[in-house]
Amino acid sequence: MNNFESFWQLYPRRVGKKAAKSAWLKLSIGEQQAALNAINEHICYWNTHSTHINFIPHPSTWLNQGRWEDELDLTPVNKKPPLPWYSTEQLTFDKARELQINARPGEDMGQFRSRIAAKIAELA
């Protein structure tokens with residue numbers, strides 16, 4: 001398999017093969033090798049940042065812009081922990097539905113949350 005075919009098989013967004021091959025052939029042998037060597041790191045970067053396929057550049061763009069030379073931050077993205085059930089009214093109602101608890105007429109949110117917390121403690 002030639003170097004372009006190796007690149008094409010590795011690149012996660014396989015669109016515009018003819019344009020990509022044209023861009024590939026414009027590169028020097030050294031640039032082709034550098035691009036080929038950098039692909040796995042870029043794939044790791046896109047995976048680490050949960051990059052949707054639509055936001056991964058077309059291969060011809062990646063090659064024409066010399067993107068294999070980009071400095072990549074491979075630090076895992078810290079995702080925010082989910083909010084606790086009592087932090088919003090919607091999450092509170094979701095937790096109540098899960099526990100099969102209905103709000104009582106005239107009951108304020110604090111009282112409702114107290115009953116939910118008591119049910120959680122009871123089940124623990």
Computed label-point distance, nm, for sites residue 29 and residue 50 using a 7 Å Cα→Cβ extension
4.4
Hey, got the dipole for region 49-124? About the Cα centre, +1 on K and R Cβ, -1 on D and E Cβ, debye to the nearest 20?
420
Give a residue-ordered list of calculated ³J(HN,Hα) values for region 87-101 (Karplus: 6.51 cos²θ - 1.76 cosθ + 1.60, θ = phi - 60°; whole Hz; x for Gly, Pro).
7, 9, 4, 4, 5, 5, 5, 4, 5, 4, 4, 4, 8, 6, 10
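Taking neighbour counts of Cβ atoms within 10 Å as a proxy for exposure, in what order, fewest first, do 22, 50 appear? Before the final figure, lay out each step's value.
Values: 22 13, 50 9.
Neighbour counts put them in this order, fewest first: 50, 22.
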Run the reach check for residue 17 against lysines, Cα to Cα strictly under 17 Å, same-chain hits fewer than 8 apart removed. What comes back?
26
Please give, to one decimal in nm, the separation of the simple spin-label points placed at residue 43 and residue 107, each 7 Å out from Cα toward the Cβ.
5.3
Connecting every pair of Cα atoms under 10 Å apart in the chain and solving the GNM, the largest mean-square fluctuation among 40, 102, 54 falls on 102
Loop GluC sites (Glu not before Pro), region 37-124, which have at most 13 other Cβ atoms in a 10 Å radius of their Cβ (DSSP):
71, 107
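Neighbour counts of other C-beta atoms within 10 Å: give me 63, 25, 36, 72 arranged from fewest to most. Numbers along the way, then the final one.
Details: 63 26, 25 10, 36 17, 72 14.
Fewest-to-most ranking of 63, 25, 36, 72: 25, 72, 36, 63.
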Order 79-86, 12-19 from most to least packed using the mean count of other Cβ atoms within 10 Å.
12-19, 79-86
Can you tell me, using C-alpha contacts under 8 Å and at least 6 residues apart, the relative contact order of the chain as a whole percent?
23
Under a crude label model (7 Å from the Cα following the beta-carbon direction), how far is residue 70 from residue 87 in nanometres?
3.0
Report the paramagnetic label zone for residue 115: residues of region 56-94 whose backbone N is under 15 Å from a point 7 Å from Cα along the Cα-to-Cβ axis.
92-94
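First measure r as the distance between the Cβ atoms of residue 94 and residue 122, then evaluate 1/(1 + (r/R0)^6) with R0 = 25 Å and state the FRET efficiency to the nearest 0.05. Write out the running numbers ahead of the final one.
Details: r = 19 Å, r/R0 = 0.75.
Result of the calculation: an efficiency of 0.85.
Computed from the coordinates by the stated procedures, all read-outs in this text should not be read as laboratory data. Nothing here was measured: the structure is a model prediction, and the numbers come from that model. Don't worry about glycine lacking a Cβ; one is built from the backbone with ideal geometry, like all the others, and counts go over all protein chains shown.
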